[in-house]
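Colleague: The structure follows.
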């Protein structure tokens, strides 16, 4: 692989509600358009954060911000914010948005993560439909999740399964003031009525001892219809992050293979899944080289070829950001680059979007990879 184009999509404005752009996602639509969503706010964790939508009709060379209703200040009568919004194309022109919503009213002024208890603010997953390629949207509707999931973290788009269903992958969290031991896990749920109802959650990453946490699990649909997941793993006893772990599922996420370390550390991005079976995975090597890199694998279960590796971004402050590893969500606010998201384009190239900058200003960047 090689990088054939790179640039910046957003325009941050330090000291304003558009100072910090993070959580980019990318969708290549059937009509050739590219849609990018990203979170913006005055800092990395703030009540004024919203989701913005951008469109490109020339393969990602130029982008235009689309005015839409993603930035609804109130959902269900509660002052709130949206942290991330993923788009899934169900049919040409029909998009389903899945957003992670945060209640900013119950604990006014509090950060998302409570460092004393390891609990989170009240959160939810909300859906909205667009039937005109993202120009207008329906009202948001909440996915009713089992109570034992707690505040759900959304780290992946809904996946349209080959059996006609939708797959939802969420991380469980504790409630804000809950000081009990945290048994973090990732669960998968399926819907066969367009997201109106969901089946019982099944474990997609869980250590019953509570030692291993599975952060930011990314799931892709392989060319053969199977699923592959990549998890960022934290060992609480050892106090360190480990290699990315991969799991495979052949039954729409009801069961998963044993976790396999893939020889890459530490935080996986969302993979680009190619029609010929190849997988392009970008990841953040935050505690080693301080960079964002990408590699290719021949299929979902294959090794990632070191010879295919490209360096997408290199950060000059990696040594400072690598200190103080705690494995808790409050640590995320200090990092100024990451969250790569890969998507195959109409011409066969792969685009990776990510955020980068400094504490005062962060923007969404892109790199176009030729395979």
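The values are calculated or read from the model by the stated rules, or taken from the named source; none is laboratory data. Remember, it's a predicted structure, so these values are computed and weren't measured experimentally. Note that we place each Cβ from the backbone using ideal geometry, even for glycine, and neighbour counts take in every protein chain shown.
Colleague: Collect the residues in region 225-240 that are modelled with pLDDT under 95 and more than 20 Å from residue 295 (Cα to Cα), keeping them in residue-number order.
Modeller: 234, 235, 236, 237, 238, 239, 240
Colleague: Please specify each residue of region 230-255 satisfying the condition of being farther than 14 Å from residue 218 by Cα and part of a loop (DSSP other than H, G, I, E, B).
Modeller: 236, 237, 238, 239, 242, 243, 250, 251, 252, 254, 255
Colleague: Which ones in region 23-45 are farther than 22 Å from residue 57 by Cα and in contact (Cβ under 8 Å) with a residue 40 or more places away in the chain?
Modeller: Passing the criteria: 41, 43, 44, 45.
Colleague: State yes or no: is residue 90 surrounded by fewer than 19 Cβ atoms within 10 Å (Cβ to Cβ) and touching a strand residue (DSSP E or B) at 6+ places or on another chain (Cβ under 6 Å)?
Modeller: When the stated conditions are applied, residue 90 passes them.
Colleague: Let me ask something else. Strands (runs of 3 or more DSSP E) wholly in region 275-317 with at least 3 residues that are crowded, with 21+ Cβ neighbours inside 10 Å - which ones?
Modeller: 279-285, 291-297
Colleague: Considering only region 213-230, how many residues are buried (at least 20 other Cβ atoms within 10 Å of the Cβ) and either out of contact with any strand residue (DSSP E or B) (no Cβ under 6 Å at 6 or more places or on another chain) or under 28 Å from residue 277 (Cβ atoms) (or both)?
Modeller: 12
Colleague: Give the residue that is surrounded by the fewest Cβ atoms within 10 Å (Cβ to Cβ), with candidates limited to residues of region 40-78 that are modelled with pLDDT under 90 and outside any loop (DSSP other than H, G, I, E, B).
Modeller: 74
Colleague: Considering every residue within region 320-340, establish whether at least one is modelled with pLDDT of 95 or more, within 29 Å of residue 32 (Cβ to Cβ), within 21 Å of the chain's Cα centre (by Cα) and in a loop (DSSP other than H, G, I, E, B). Write out each step before concluding.
Modeller: Filtering region 320-340 for residues modelled with pLDDT of 95 or more gives 337-340.
Restricting the remaining residues to those that are within 29 Å of residue 32 (Cβ to Cβ) gives 338-340.
Among the residues that remain, those that are also within 21 Å of the chain's Cα centre (by Cα) are: 338-340.
The next check asks that each one be in a loop (DSSP other than H, G, I, E, B); those that pass are none.
Taking every residue of region 320-340 in turn, none turns out to be modelled with pLDDT of 95 or more, within 29 Å of residue 32 (Cβ to Cβ), within 21 Å of the chain's Cα centre (by Cα) and in a loop (DSSP other than H, G, I, E, B).
Colleague: Tell me which residues, restricted to region 238-249, are over 13 Å from residue 167 (Cβ atoms) and surrounded by 14 or more Cβ atoms within 10 Å (Cβ to Cβ).
Modeller: Of everything in region 238-249, those that are over 13 Å from residue 167 (Cβ atoms) and surrounded by 14 or more Cβ atoms within 10 Å (Cβ to Cβ) turn out to be 240, 241, 242, 243, 244, 245, 246, 247, 248.
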